[in-house]
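Below is one structure, written out as structure tokens, with a few remarks after it.
The values are calculated or read from the model by the stated rules, or taken from the named source; none is laboratory data. None of these values were measured; they are calculated from a predicted model. Using ideal geometry, Cβ is built from the backbone for each residue, glycine included, and neighbour counts are taken over all protein chains shown. Please note that ligands, DNA and RNA were not included when accessible areas were found on the heavy atoms of the full protein model with its side chains. Shrake-Rupley method; radii C 1.70, N 1.55, O 1.52, S 1.80 Å.
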Amino acid sequence: MSTTYGTFPGSRPRRLRTTPAMRRMVAEHRLHPSDLILPAFVREGAAEPVPISAMPGVVQHTRDTLRKAAVEALEAGVAGIMLFGVPEEAKKDALGTAGTDPDGILQVAIRDVKAEVGDDLVIMSDLCLDEYTDHGHCGVLDADGRVDNDATLERYAEMAQVQADAGVHVVGPSGMMDGQVGVIRDALDQTGHEDVSILAYTAKYASAFYGPFREAVGSSLQGDRKTYQQDPANLRESMRELALDLAEGADMVMVKPALPYLDVLAKVAESVDVPVAAYQISGEYAMVEAAAANGWIDRDRAIMETLTGIKRAGANMILTYWATEVARQL
């Protein structure tokens, strides 16, 4: 049919957007509760949950409230929980020894959650020294104040063993030390923990969006982490890190942060045959919450849109502080 303005279109993509039911039917990607992993902080000695000012709605848990949060996540259908320990300030030292103490807060928390939910919720643990060092870096420092890669690997091997002894299902080495996955795999296998999986933080960038997290874990960081976390300008470097992690035995791989690095996430997802995770980090969470609190955006729609974008880019698993809330909505 013709008009003075031209020919009406024969192909009309809008036909598939006419109703909510139609849009649901033709949706190309769907979030599911089992896509989600809840990061959770537990603070040593806390008598009640401690709010994190930069992350409204997120707290440093007590041991009791952490157990409750794990049960709530399980009941909502969330796949897993990633645990971060926050030790007492007096227990921090140059080597991060609280991180390898069998009675350190993270190991205690792993045992608590394991006793509460067993194997019904995948229990993951952050395998890094930054929460436990008085200098706040992810490794051991040499005489010149630089992070000593290989000395740090020895500490990571110890951490892997004590976390596995506590009952963790998955360890998440996040320090970006060269060779960390291989050393951790060997340490687990040599101590009878062959079934413990490794979620490699394969592409972890030196991001400006970590700020609220450092409050969440009570970081003592002096300086920055640019000598071991990746340069935000680089993509090929991530693919090299990916190849190394897979060769060293990574069971799953991760891109962190998520939203500023969706291109990296998509490239990684296209290149591997192992599960791919993305971490929607503290700064991403804080931006949405702050904008919503000011009435600038629709909070619920923004949350779902960001998570759907991460899923669309190729993530099989998404670590998000909204995990339980979103799982209930789904």
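The range 159-228 and the range 70-99 have Cα centres spaced 12 Å apart. The long axis of helix 180-190 is offset from the longest Cα principal axis of the chain by roughly 60 degrees.
One Cα centroid belongs to the range 37-57, the other to the range 265-330; the line between them spans 20 Å. How much length is gained on full extension from residue 11 to residue 247, taking 0.36 nm per residue of separation minus their Cα-Cα distance? Computed gain between residue 11 and residue 247 is 80.2 nm. Here is how the number arises for the chain: DSSP H runs of 4 or more residues each give -39500 (n - 2.57), the sum is divided by the residue count, and the result at 222 nm is -11500 deg cm²/dmol. In this Cβ point-charge picture (+1 for Lys and Arg, -1 for Asp and Glu), the range 25-166 has a dipole of about 420 debye about its Cα centre. Do the alpha carbons of any pairs in 92/226; 68/114; 68/204; 267/311; 68/256 sit beyond 24 Å of each other, and which pairs? Over 24 Å apart, Cα to Cα: 68/204; 68/256. Per residue, the convex hull spanned by the Cα atoms of the range 114-197 measures out at 89 cubic angstrom.
Among beta bridges from DSSP that stay inside the chain, the antiparallel ones total about 15%. The C-alpha atoms of the chain define a longest principal axis, and helix 299-313 lies at about 80 degrees to it. Only alpha carbons enter this Debye calculation for the range 169-273, each as an equal point scatterer, and the log10 of I(q)/I(0) it gives at q = 0.18, 0.20 Å⁻¹ is -0.91, -1.07. Counted over the range 197-330 with a bin width of 10 Å, the fraction of Cα pairs per bin, in whole percents, is 12, 40, 35, 13, 1.
Projecting the Cα atoms of 249, 58, 153 onto the dipole axis of the chain, where Lys and Arg carry +1 and Asp and Glu carry -1 at the beta carbon, places 58 farthest toward the positive end. One decimal place: the segment residue 90-residue 330 gains 82.2 nm when fully extended, by the rule 0.36 nm per residue minus the C-alpha distance. Shown for the chain: the carbon plus sulfur share of the solvent-accessible area, taken with all protein chains present and a 1.4 angstrom probe, equals 50%.
Helix 262-271 and the long axis of the chain differ in direction by around 80°, with both axes built from C-alpha atoms.
Between 84, 41, 209, the GNM of the chain built on Cα springs shorter than 10 angstrom shows 209 fluctuating the most. Between residue 230 and 204, 205, 206, the built amide H atoms are under 5 Å apart, and every one of these is 5 or more places off in sequence or on another chain.
Note on residue 191 and residue 266: the extension gain reaches 23.5 nm, defined as 0.36 nm multiplied by sequence separation minus the Cα-Cα distance.
Cα-based radius of gyration for the range 1-138, normalised by 2.2 N^0.38 Å, reads 1.67. In a solvent-free Debye calculation with one equal scatterer on each Cα, what is log10 I(q)/I(0) for the range 33-100 at q = 0.11, 0.25, 0.29 Å⁻¹, listed in the order of the q values? Debye curve over Cα of the range 33-100, log10 I(q)/I(0) at q = 0.11, 0.25, 0.29 Å⁻¹: -0.31, -1.11, -1.24. Coupling constants for the range 235-242 follow from the phi torsions by the Karplus curve (6.51 cos²θ - 1.76 cosθ + 1.60, θ = phi - 60°), and in residue order they are 10, 4, 4, 5, 5, 5, 4, 4 Hz; glycine and proline get x. In this calculation the C-beta distance from residue 22 to residue 298 is compared with R0 = 25 Å, giving a FRET efficiency of 0.70.
Accessible area per residue for the chain, computed on protein heavy atoms with a 1.4 Å probe, is 46 Å².
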